[in-house]
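Novice: This structure is in structure tokens; I'll ask about it shortly.
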Amino acid sequence: MRLTVAKTALRHARRAEMMTAESVLALAGALALAFAASTAVPSVLGKPIDLVFRAAAAAGTLVACGAVWTSTYALIRRRAQVRPAAARWASLPFLPALALYPVVVQAARFPDIAHLLLNATTTRSVLASYLVWWWVALEALVVAWWLLAGSAETLDRSGVTAEESDPADPRRGRGVFDGTTTAVLLALGLAVFANSDVFKQLKSTQSEFTNPVVAAQLLVRGESPYDLSEPIWENAINLPPVSLAVLYAPAGLVPSRWLPHVFYAVNLACAALAVWWLLREVALPGAPRLLRCALLAGLLGAFTPWRDSAILGQPNGIILLLLVLTLRALLADRPLASGFALLLAFLVKPVSLWHLLYLLRSRRFRVLAAFCVGAGAAVAVSLAVAGWDVWWYYVTQKLPELLRGTARYGNVSLAGVHARLFMTSHALYLTDTLPPLPLASALNWTASALGILLLVRLVRPPESDGTRPGSSGTPETSGPWGGYGEARRARDVLGFGLATCGALLLANLAWHHYMTWLLVSAAALAQPRVWTELTPGRRRLVTALAMAGFAVVAVDSDYYLRSVAEWVADWPALAWLHTFGLLWVLASTALALSALSALPDTAQQTGGSFDDRAAVRDVEPQQLDGSRRAVDGQRPPTTLLEAQHETVATAGER
């Protein structure tokens with residue numbers, strides 16, 4: 001009797017563990033797929049849409065989804081050892097199907113959309129192909145991640161000792177990069193930088209900076225800088241009044257003849273300083289200085305997003321420095337400096353909303369308070385300079401058009417991809433406002449919701465593991481990044497890099513040159529602690545994704561489009577190349593953060609992260625009543641699963 005009760009309790013406990021938020025959402029996605037199949041499959045097969053065929057299509061879809069989920073769960077279960085982790089990972093490929101719910105809402109609101117979905121084969125096939133592509137990509141990524149997981153004992157099989165993995169070790173990064181080799185690399189980097197950046201800038205007018213400066217001067221004189229008669233995505237002024245009044249108006253004090261060159265020098269200095277800090281303090285903390293100089297020159301010369309920023313006059317170097325200053329202040333526990341630095345970055349380009357979500361999730365409320373206070377002061381200054389009329393015009397006339405985004409080829413966000421799905425290839429050159437696209441809006445809502453879910457799962461508050469600066473028992477590291485332990489610092493830098501990827505991928509508009517900010521994510525992935533926490537197979541997967549992503553991101557968008565223009569009409573996905581690269585960078589950052597984000601107390605109190613295997617590995621036997629068992633001469637449980645079995649058996653005996 002007691003054994004039966006114990007088995008029943010264990011079975012109920014297992015079911016409760018498998019009912020994670022992702023599992024419920026995956027079930028909802030499977031139901032949406034079944035509903036879509038019940039409508040689409042009979043018409044595709046030429047069968048009458050009656051109850052029998054609809055039920056058969058829906059049942060077949062549910063059976064197929066269940067088989068795929070179960071097989072993926074079984075594969076992960078043998079490696080994860082924790083059911084919630086296996087259930088969460090197996091559910092990931094089904095989450096994009098949730099986009100069908102807002103699609104149905106849009107079809108109910110707009111009869112023409114319902115007509116297209118039911119009768120137009122092209123629209124239905126485009127939507128289905130896009131969702132199937134997401135499912136295949138995520139399923140392949142999940143299976144590869146867990147096939148490369150290895151056993152728990154192979155996490156330290158790289159042969160890297162604790163002394164060798166210490167980022168403060170002065171020997172780290174030396175060896176082959178000493179002496180002549182580093183000098184040659186530095187010379188090549190300087191040559192690339194001079195050819196691609198300096199010489200081209202001599203003839204550049206920096207128009208995308210000088211035009212806002214002229215608009216700011218109009219604003220100061222009491223005139224409106226906005227003109228809706230101009231195409232919104234061609235030489236139009238789209239910055240809010242607060243940015244023009246606070247940042248661009250002071251630049252008007254520089255003589256117009258020297259303004260482009262002065263701005264280029266400031267922009268370049270900010271970018272160089274930001275990259276140098278990232279190399280010295282995050283990516284290569286122990287590397288020779290000459291090697292860091294070579295990498296700095298090579299990055300500024302070869303990374304195409306930065307080159308485009310320098311030629312066009314986009315202040316992405318300034319934004320990159322402000323993001324680095326935000327991160328430095330976060331890790332040093334200086335909320336006031338961090339909030340103001342992020343505010344300045346937001347004023348230069350107001351697309352960093354995901355950094356605010358990152359701060360909210362990580363419970364940096366003092367940083368958010370500093371940001372809000374500074375934003376209120378900046379808006380008050382702009383109201384004094386511009387007046388209510390300009391602000392009202394911007395909010396009611398200009399902002400709604402901006403929020404629609406654009407389908408132009410330079411927009412690398414998912415919103416641009418979703419808009420191109422339901423437009424012809426001519427939309428790649430569209431400079432006017434986008435028409436209403438209900439289906440694209442539905443996909444955008446789903447992408448944003450899933451992005452928030454990813455951020456919530458992977459980002460942990462500083463108090464979760466007791467490693468907040470100044471807390472007792474925290475292993476402290478000296479240096480300009482403050483008093484965080486190495487693991488906590490690595491997680492926070494990766495989380496900030498993930499928020500940077502989200503700010504680009506899930507914005508309504510993100511031009512190709514905005515990808516200069518991804519240097520923060522590149523430095524986060526290059527942290528020594530990240531690679532010591534990954535198995536060899538997973539290192540290869542993360543490395544392949546990151547290398548492919550950054551290689552694609554660095555492709556010149558103008559040259560690329562001119563090369564594939566004749567094929568884009570037949571193969572629209574060719575225009576999504578840079579978005580693919582951004583997705584790969586996001587995937588590599590998320591996977592690396594997943595391997596570092598699981599902590600024992602976090603996994604038990606908040607439901608854990610996507611990867612609870614690390615939590616199982618890090619649990620000490622003494623934490624599972626090992627001291628009592630050591631006295632009795634028994635082996636303590638080494639996994640959470642064994643501890644759960646023991647708890648249920650003990651309850652049955654009582």
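The values are calculated or read from the model by the stated rules, or taken from the named source; none is laboratory data. Remember, predicted model here, so these are calculated numbers, not experimental data. All Cβ positions, even for glycine, are placed from backbone atoms using ideal geometry, and neighbour counts span all protein chains on display. The area values use the complete protein model at the heavy-atom level, side chains included, leaving out ligands, DNA and RNA. Shrake-Rupley method; radii C 1.70, N 1.55, O 1.52, S 1.80 Å.
Novice: On a full-extension model of 0.36 nm per residue, what is the gain between Arg289 and Val379, subtracting their alpha-carbon distance, rounded to one decimal in nm?
Specialist: Details: separation 90, 0.36 × 90 = 32.40 nm, distance 4.25 nm.
This chain segment gains 28.1 nm when fully extended.
Novice: Still on this structure: Whole number in Å², please: accessible area per residue of the stretch 486-556, 1.4 Å probe, ligands, DNA and RNA not counted. Walk me through the numbers on the way to the answer.
Specialist: On the way: 1590 Å² over 71 residues.
Solvent-accessible surface per residue comes out at 22 Å².
Novice: May I ask you to derive the relative contact order of the stretch 332-403, considering only C-alpha pairs under 8 Å and at least 6 residues apart, and to give it as an integer percent?
Specialist: 35 percent
Novice: Which residues in the stretch 273-304 place their backbone N less than 13 Å from a point set 7 Å from the Cα of Tyr559 along the Cα-to-Cβ direction?
Specialist: Hits in the stretch 273-304 for Tyr559 at 13 Å: 302-304.
Novice: Taking 25 Å as R0, compute the FRET efficiency from the Cβ-Cβ separation of Ala265 and Arg221 and round it to 0.05. Could the numbers behind the result be given before it?
Specialist: Details: r = 28 Å, r/R0 = 1.11.
The value I calculate is 0.35.
Novice: Any idea of Phe209's accessible area? Nearest 10 Å², probe 1.4 Å.
Specialist: Phe209 exposes around 20 Å² with every protein chain in place.
Novice: Hey, another quick one. So, for the stretch 271-402, what is the accessible surface per residue at a probe of 1.4 Å, expressed in square angstrom?
Specialist: Accessible area per residue, the stretch 271-402: 38 Å².
Novice: For Trp388, Trp576, Trp567, Trp89, write out the residues from largest to smallest accessible area, computed with a 1.4 angstrom probe and no ligands counted.
Specialist: Largest accessible area first, the list is Trp388, Trp567, Trp576, Trp89.
Novice: Another one. For the stretch 246-252, what does the Karplus curve 6.51 cos²θ - 1.76 cosθ + 1.60, with θ = phi - 60°, yield as ³J(HN,Hα) per residue in whole Hz, taken in order and with x for Gly and Pro?
Specialist: Rounded to whole hertz, the list is 8, 9, 8, 4, x, 5, x.
Novice: To the nearest 10 square angstrom, what accessible area does Ser207 show with a 1.4 Å probe?
Specialist: 50 Å²
Novice: Can I ask one more? Based on the Cβ-Cβ distance from Met423 to Asp570, what FRET efficiency comes out when R0 is 22 Å, to the nearest 0.05?
Specialist: 0.90
Novice: Leaving out ligands, DNA and RNA, and with a 1.4 Å probe, what % of the accessible surface on the stretch 274-395 is carbon or sulfur?
Specialist: 73 percent
Novice: Sticking with this structure for a sec: Need the full-extension length gain, Leu253 to Glu139, defined as separation in residues times 0.36 nm minus the C-alpha distance. One decimal, nm.
Specialist: Length difference between fully extended and current span is 35.5 nm.
Novice: Let me ask something else about it. Quick one: ranking Arg280, Arg540 by accessible area, 1.4 Å probe, largest first, what do you get?
Specialist: Numbers: Arg280 85, Arg540 155 Å².
Most to least solvent-accessible, the answer reads Arg540, Arg280.
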